[in-house]
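The values are calculated or read from the model by the stated rules, or taken from the named source; none is laboratory data. Fair warning: this is a prediction, and the values are worked out from it, not measured in the lab. With ideal geometry, Cβ positions are generated from the backbone for all residues, glycine too; neighbour counts draw on all protein chains shown. Accessible surface areas use protein heavy atoms only, side chains included; no ligands, DNA or RNA. Shrake-Rupley method; radii C 1.70, N 1.55, O 1.52, S 1.80 Å.
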Amino acid sequence: MQFTKMHGAGNDYVYVDCFRQPTPDNPPQLARQVSDRHFGIGADGLILIVPSERADARMRMFNADGSEAEMCGNGIRCVAKYVYDHGICRQPALTIETGAGVLSLDLDIHDNRVRRVRVDMGEPILSPERIPTTLPLSPLADQPAVVDVDLPLENETLRVTCVSMGNPHCITFVDQVTDDWVLGVGPQVERDPHFPNRVNAEFVEVLSPAEIRMRVWERGSGETLACGTGACAVCVAGVLAGRTARKILAHLPGGDLELHWSDDNHVYLTGPAVEVFSGEWPESQ
């Protein structure tokens, strides 16, 4: 099986071109194998690039634990880069089908290669039953939403805001983002019973109304260097909680992402897409 390793702001996946070769028989098992950073290729997960009847291509994303997720904001930028750079569709604007619907992407092309991608991530989902979460609505929010509500954990209670960008996110604003928050509290939030499908946990330090620092404990993968959907959810949560503007720069361990919750209620994500190397995964694995 031919594969390509790519990353968006350090959020790395193994990509398989299923236009030119068969779709793997057991993607969850393959995801676990290739993601292993000691015995495999090493990645946050596996993304299959497959033909679509609705868009220029379709992405299927599997976390490092083999679970299939709806979307990945960093991953979809790399899918767009692969589709353009490898000649599947040579258009400066692409559509990619995901588990969260068909998204539109604008490509920043230099020397016949994609460097950055702007993704229309669609409208944020705020209703608790669609996130999903059983946490209560905030009585102070301008619209029905889970904003700045209590999330009781074993040893403490967090103040959280919940947003879905096609996948669920739980955002906590903190004075300083530390390992104790991300590695200690993150796994508890991911599997808390208030989130029936588990949840991605974001911990955010506000530097100014237009700039934040964040780290993410991702559902099914642990901490990653960046999370595109998580950054979008933080942008929305910052506005809802009165902490940030609608346009922000997010600093993540793997690099910076630009977010804009526009007046059309869509969230726009801009960031890099990088191809690292290609290789062949043996069929006997």
## Note on the structure
Over the range 70-98, the set of residues of a type outside the set (Phe, Trp, Tyr), open to solvent by 10 Å² or more (accessible area, probe 1.4 Å) and assigned to a helix (DSSP H, G or I) is Lys81, Asp85
### Candidate set: the range 14-28, residues that are in contact (Cβ under 8 Å) with a residue 24 or more places away in the chain and assigned to a loop (DSSP other than H, G, I, E, B); chosen: the one surrounded by the most Cβ atoms within 10 Å (Cβ to Cβ)
Pro24
## Note on the structure
Residue hits (the range 178-209; hydrophobic (A, V, I, L, M, F, W, C), open to solvent by 50 Å² or more (accessible area, probe 1.4 Å) and in contact with a Lys or Arg (Cβ under 8 Å, 6 or more places away or on another chain)) are Trp181, Val206, Leu207
### Query
With respect to the numbered conditions (1) open to solvent by 10 Å² or more (accessible area, probe 1.4 Å); (2) modelled with pLDDT of 95 or more, which one is the sole condition not fulfilled by Ala57?
(1)
### Query
Taking the range 78-106, which residues are in contact with a helix residue (DSSP H, G or I) (Cβ under 7 Å, 6 or more places away or on another chain) and either closer than 28 Å to Gly222 by Cα or among the aliphatic types (A, V, I, L, M) (or both)?
Leu94, Ile96, Thr98, Leu103, Leu105
### Summary
Filter the range 270-285 for residues that are among the hydroxyl-bearing types (Ser, Thr, Tyr) and touching a residue at least 24 places away in the same chain (Cβ under 8 Å); the one that is least open to solvent (accessible area, probe 1.4 Å) is Thr270
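Just one of Pro139, Pro128, Pro168 is free of Cβ contacts under 8 Å to residues at least 60 places away in the same chain and surrounded by fewer than 16 Cβ atoms within 10 Å (Cβ to Cβ); which is it?
Testing whether each residue is free of Cβ contacts under 8 Å to residues at least 60 places away in the same chain and surrounded by fewer than 16 Cβ atoms within 10 Å (Cβ to Cβ) leaves just Pro139.
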### Message
Any residue at all in the range 235-243 that's touching a residue at least 24 places away in the same chain (Cβ under 8 Å), more than 30 Å from Pro28 (Cβ to Cβ), surrounded by fewer than 19 Cβ atoms within 10 Å (Cβ to Cβ) and small (Gly, Ala, Ser)?
### Response
no
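Matching residues to (1) in a strand (DSSP E or B); (2) in contact (Cβ under 8 Å) with a residue 60 or more places away in the chain:
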site: Gln143; (1), (2): no, no
site: Val163; (1), (2): yes, yes
site: Trp181; (1), (2): no, no
site: Pro187; (1), (2): no, no
site: Phe195; (1), (2): no, yes
site: Arg198; (1), (2): no, no
site: Glu202; (1), (2): yes, no
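Being without any contact (Cβ under 8 Å) to a residue 40 or more places away in the chain, part of a strand (DSSP E or B) and of a type in the set (D, E, K, R), is that true of even one residue in the range 55-62?
Checked against the condition, which is being without any contact (Cβ under 8 Å) to a residue 40 or more places away in the chain, part of a strand (DSSP E or B) and of a type in the set (D, E, K, R), the range 55-62 yields at least one hit.
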### Task
Please verify whether the range 32-46 includes one or more residues that are under 25 Å from Glu258 (Cβ atoms), modelled with pLDDT of 95 or more, of a type outside the set (Lys, Arg) and part of a strand (DSSP E or B).
yes
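What are the residues in the range 252-269 that are under 19 Å from Asp12 (Cβ atoms) and either surrounded by fewer than 18 Cβ atoms within 10 Å (Cβ to Cβ) or basic (Lys, Arg) (or both), if any?
If we filter the range 252-269 for residues that are under 19 Å from Asp12 (Cβ atoms), which is where we start, we get 252-257, 269.
Scanning the range 252-269 gives Pro253, Asp256.
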### Query
Are there any pairs, at least 6 apart or on different chains, whose C-beta atoms fall under 6 Å, with the first in the range 85-109 and of a type in the set (D, E, K, R) and the second in a loop (DSSP other than H, G, I, E, B), and if so, which?
Glu97/Ser52; Glu97/Arg54; Glu97/Ala55
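To keep it simple, each residue is scored yes or no on (1) over 14 Å from the mean Cα position of the chain (by Cα); (2) charged (D, E, K, R).
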| residue | (1), (2) |
| --- | --- |
| Glu190 | yes, yes |
| Phe195 | yes, no |
| Glu205 | yes, yes |
| Ile212 | yes, no |
| Arg215 | no, yes |
| Thr224 | no, no |
| Ala233 | no, no |
| Ala241 | yes, no |
